[in-house]
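J.: Got a structure here, written out as structure tokens. Questions coming.
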Amino acid sequence: MPHVYATPGVIKVGVTPGAHAEIIDQVRHSAQAGGLQLDVIVFDDKSRIDAALAAGKIDAASFEDGPSFEAQRQRYGLVNVGSTITFPMALYSRKLKTLTQLQRSATIAIPADAAGTARALVLLQNFTLLTFSDRAGLQATLADITSNRLHLKIKKVPRKQLFSALDQVAFAVIDSSDAARAGLYPARDSLGIEDARSPWQNVLAVRAADRSQPWVAQLSAAYHSDDVAHFILTRYQDSVRRPW
């Protein structure tokens, strides 16, 4: 049975440490102004959050990108009720100032894991460096590439080695968390950055049984408030992006 909040009651929102926790704390202030009380629950282990939501230990979750959520939602009976933020994948280089300097047959590095490879290929297609078969969708592999106009040599590198690979390649495609660990920030340091409305934007999730509860719309509205938008922009300078 869905929870029913009369006044409404306190809503528990599960997040991971860092930007998600910082932003949801701002959301909490915005929601409180509208009469909705939030309790922020920070999970050090993100793999526990969907299960906690399904079990009713929390009421909403804000930590997961769209494809990851889609892989879990049916297992746990969850629904996406709104976009939150995007941690953008980006192109980084020690050799190039702009992509116009990229030479034919240059070597570039992308994440070696399947999910990272697919996301990198989508980004490279967005910058018109290559195209791949539409049927590949968000699971694209190197075998799906249909054109590579500069004949780039694409090297798959384990995520933890992409930063060190910058000395050997024209550029590397690095996701936000790995870049941050290396002291790189997309808005400041990249040659090109993923769009905020990427399929990998993060989502706000609730149990399917709760999707029509009034507090869900209130929570989404609080997240999408002007105050929260201002906080995201000033705190992260577009290295954390807003898809709404």
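The values are calculated or read from the model by the stated rules, or taken from the named source; none is laboratory data. Keep in mind that this is a model prediction, so the values were computed, not measured. When we count neighbours, we look across all protein chains shown, and the Cβ atoms used for this are built from the backbone with ideal geometry, even at glycine.
J.: Could you check segment 29-53 and list, in sequence order, the residues that are in a helix (DSSP H, G or I) and either acidic (D, E) or surrounded by fewer than 18 Cβ atoms within 10 Å (Cβ to Cβ) (or both)?
T.: Of everything in segment 29-53, those that are in a helix (DSSP H, G or I) and either acidic (D, E) or surrounded by fewer than 18 Cβ atoms within 10 Å (Cβ to Cβ) (or both) turn out to be H29, Q32, A33, K46, S47, R48, D50, A51, A52.
J.: Still on this structure: Only one of (1) over 30 Å from A114 (Cα atoms); (2) at pLDDT 95 or above; (3) surrounded by 15 or more Cβ atoms within 10 Å (Cβ to Cβ) is not met by L91, so which one is it?
T.: In the conditions (1) over 30 Å from A114 (Cα atoms); (2) at pLDDT 95 or above; (3) surrounded by 15 or more Cβ atoms within 10 Å (Cβ to Cβ), L91 misses (1) alone.
J.: Output yes when any residue across segment 21-40 is over 17 Å from S83 (Cα atoms) and of a type in the set (V, I, T), and no when none is. Can you show your working first?
T.: At the first step, the residues of segment 21-40 found to be over 17 Å from S83 (Cα atoms) are 29, 32-40.
Filter once more, keeping what is of a type in the set (V, I, T): 40.
Yes - at least one qualifying residue is present in segment 21-40.
J.: Can I ask one more? Out of all the residues in segment 207-227, is one or more of a type in the set (K, R), modelled with pLDDT of 95 or more, assigned to a helix (DSSP H, G or I) and out of contact with any Asp or Glu (no Cβ under 7 Å at 6 or more places or on another chain)? So that I can check it myself, show each step before the final result.
T.: Step one: of segment 207-227, the residues of a type in the set (K, R) are 207, 211.
Remaining after also requiring modelled with pLDDT of 95 or more: 207, 211.
Pick out the ones that are also assigned to a helix (DSSP H, G or I) and you get none.
Looking through segment 207-227, none of the residues is of a type in the set (K, R), modelled with pLDDT of 95 or more, assigned to a helix (DSSP H, G or I) and out of contact with any Asp or Glu (no Cβ under 7 Å at 6 or more places or on another chain).
Yes or no, residue by residue, for (1) over 16 Å from the mean Cα position of the chain (by Cα); (2) in contact (Cβ under 8 Å) with a residue 60 or more places away in the chain; (3) not assigned by TED's automatic domain parsing to the domain that holds E22:
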| residue | (1), (2), (3) |
| --- | --- |
| S177 | no, yes, yes |
| Y185 | no, no, yes |
| A222 | yes, yes, no |
| V228 | yes, yes, no |
| P243 | no, yes, yes |
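J.: Could you please tell me which pairs satisfy a Cβ distance under 9 Å, a separation of 6+ or placement on different chains, a first residue in segment 78-93 that is among the aromatic types (F, W, Y), and a second residue that is in a strand (DSSP E or B)?
T.: Partner pairs satisfying both residue conditions: F87/D65; F87/N202; F87/R241; Y92/F171; Y92/A172; Y92/V173; Y92/I174.
J.: Shifting gears a bit: For the list (1) more than 30 Å from V79 (Cβ to Cβ); (2) not assigned by TED's automatic domain parsing to the domain that holds L121, I need the number of the one condition that S212 fails.
T.: It is condition (1) that S212 fails.
J.: Which of the residues belonging to segment 54-77 are free of Cβ contacts under 8 Å to residues at least 12 places away in the same chain and either assigned to a strand (DSSP E or B) or buried (at least 16 other Cβ atoms within 10 Å of the Cβ) (or both)?
T.: S68
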